[in-house]
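The values are calculated or read from the model by the stated rules, or taken from the named source; none is laboratory data. Bear in mind that the values here come from a model prediction, so they are computed numbers and not experimental data. Glycine also receives a Cβ, built like all others from the backbone with ideal geometry; neighbour counts cover every protein chain displayed. To get the accessible areas, we keep the full protein, side chains included, count just its heavy atoms, and leave off ligands, DNA and RNA. Shrake-Rupley method; radii C 1.70, N 1.55, O 1.52, S 1.80 Å.
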Amino acid sequence: MQSGLSASRPGSRAISTAIGYNQLLTTNSVELLAEQGHDFVKALTEKAAQLSGPPRQAMDRKIAVLKRMVAFARSVPDEWAQHEKLGDTPQGWALHAMVLDIDVGPLLQTHKLLTSVIFARAKGYGRALSAAELEMMNLTGDGTGLDMVTMPLAMREQVPTSNFFQRGGYERNPVAIRNNTVAKLLTVTDSRMDSNSNLPGARDLASVF
């Protein structure tokens, strides 16, 4: 899913570059390839070793492209602002398109979740994050999201969700506007996750694992 296109309506347009379960922005894709790219290359190389013939040749070509992409992502200092600049180039858009790739896309998505878990633990938060809490870190950024997660329950009922978004992002997010306290936003996120996890596609995916 691309941001703003969860429901198909005539004339609908995406509201940002965010794509996928984790709604990765172009800058996220560049940053993940810069920081985790060598691990992604290793994962695909291990997958290639199990292939032969045309599938192996196709995977080898993909690995070669991925290596060039990682080199491009690492061509600037490991800083969000620098990755943002790269993301706003034709090459940066090409890196972001890897979110749609059947081999690289899942690695980008899962590593984005993993970085949030690692961030929380590094800040001394040892309890397992609920799905909704992990989504808050993904939605608002790790630092801001962790502020929401560690907030005392009584304060969650009082603190507005607008405190945790940039104005433009908040005004484009009807869920955060309607559920205008931290407690309400966490509750509706939990509810939607519970509901969607019972849909046939989600059940089919869960059964595979």
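The table below lists the values:
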read-out: Sequence-separation-based contact order of segment 107-206, relative, with Cα cut under 8 Å and 6+ spacing, percent; value: 21 percent
read-out: Residue-normalised accessible area of the chain, given per residue in Å² at a 1.4 Å probe; value: 59 Å²
read-out: Debye, to nearest 20: dipole size of segment 96-150, +1 on Lys, Arg Cβ, -1 on Asp, Glu Cβ; value: 240 debye
read-out: Length-normalised contact order for segment 1-103 - Cα pairs under 8 Å, 6+ apart - percent; value: 31 percent
read-out: Per DSSP, loop trypsin sites (Lys or Arg not before Pro) in segment 1-99 with at most 13 further Cβ within 10 Å; value: ARG13
read-out: Rg/Rh ratio calculated on Cα atoms of segment 121-209 (Kirkwood radius); value: 1.01
read-out: Size of electric dipole in the chain: Cβ of Lys, Arg +1 and of Asp, Glu -1, about Cα centre, debye, nearest 20; value: 300 debye
read-out: Relative contact order for the chain, counting Cα pairs under 8 Å that sit 6 or more residues apart, in percent; value: 16 percent
read-out: Gap separating the Cα centres of segment 110-141 and segment 41-108, nearest whole Å; value: 24 Å
read-out: Members of LYS112/LYS184; LYS85/LYS184; LYS42/LYS85; LYS62/LYS112 lying beyond 30 Å, as alpha-carbon distances in this model show; value: LYS85/LYS184
read-out: Dmax and Rg, reported as Rg then Dmax, of segment 1-51 (C-alpha, Å); value: 15.6, 46
read-out: Sulfur and carbon atoms: percent of accessible area, the chain [1.4 Å]; value: 56 percent
